[in-house]
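Supplied in structure tokens, the structure appears directly below.
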Amino acid sequence: MPFGAGGTSNRACGFGGTLMNVENGMDRAQKSAAVAELNSTFSEVGVVVVTRNLGMTVAQSTDLRNRMRDAGAVYKVSKNKLARIALDGTDYGSIGDMLTGPVGLATSVDPVAAAKVAVDFAKTTDKFEIVGGAMGATALDLAGVQALATLPSLDELRAKIIGLVVAPATKLATIAQAPAAQIARVLSAYAEKEAA
């Protein structure tokens, strides 16, 4: 096949005197790096949400990535074959069958963040579809991802716990100060009585 004729087959391209195996614009080293990066991501995250891009605009994709970043999540589009290879040795092997067509992967360490952003974003456009996902070894269908999105995030839970811990301390300080305030009022009343 002549150079530039298209197709997805491997072809050897002479570049700078060396031969490079190229398929879809990535050489073997780039593919290995992409697989290693994805494998590392799958090993570190708390949730993976598999989504399907049904023709989103660049502006919509940018908006989605910004929302993900603000929530502490990441949205990436990856080659399905490379993502399947990267799943080996991780808890997320169950999503391998979901990797068909134009998919994107939303990931986050917080098990709720990526799901929450993906579900909220899917409500704004019909060009973005949630396929499913996984939380560790637990596979999630669309309903599972939607249920996960309704839970409070780790930050929200931490704030509630801190509020619960701080509330008794505040009450204790108020109770400890109350007798001193009462004594001060009694002494003040005696002082006013004697002054009169």
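The values are calculated or read from the model by the stated rules, or taken from the named source; none is laboratory data. Note that this is a predicted model, so its numbers are computed, not measured. Cβ sites come from the backbone with ideal geometry, for glycine too, and all protein chains shown count toward neighbours. When the accessible area is computed, the model is the full protein with side chains, heavy atoms only, and any ligands, DNA or RNA have been set aside. Shrake-Rupley method; radii C 1.70, N 1.55, O 1.52, S 1.80 Å.
Roughly what would the spin-label model give for Asn80 and Ala29, points 7 Å off Cα along C-beta, in nm?
3.0 nm
Could I ask something else about it? When the accessible area of region 23-172 is split by element with a 1.4 Å probe, what percent falls to carbon and sulfur?
Result for region 23-172: 59 percent of the exposed heavy-atom area is carbon or sulfur.
With all distinct Cα pairs included, what does the Kirkwood hydrodynamic radius of region 49-121 come out to in Å, to one decimal, could you say? Don't skip to the answer; put the middle values down first.
Details: mean 1/r = 0.0789 Å⁻¹.
Evaluated over region 49-121, this radius sits at 12.7 Å.
Would you mind counting up the charge near Lys127? Only other residues with Cβ under 13 Å from its Cβ, with Lys and Arg at +1 and Asp and Glu at -1. Walk me through the numbers on the way to the answer.
Working: positive: Arg52, Lys123; negative: Asp63, Asp126, Glu129.
Within the 13 Å Cβ shell, the charges total -1.
Tally Lys/Arg at +1 and Asp/Glu at -1 over every other residue whose Cβ is under 11 Å from the Cβ of Glu156; what's the total? Don't jump to the answer; show the numbers that get you there.
On the way: positive: Lys116, Arg158, Lys160; negative: Asp110, Asp155.
My count for the surroundings of Glu156 gives +1.
Can you give the net charge of the other residues whose Cβ lies under 14 Å from the Cβ of Gly101, counting K and R as +1 and D and E as -1? Could you put the intermediate results ahead of the total?
Working: positive: Arg52, Lys79, Lys81, Arg84, Lys127; negative: Asp97, Glu129.
Taking every other residue near Gly101 into account, the sum is +3.
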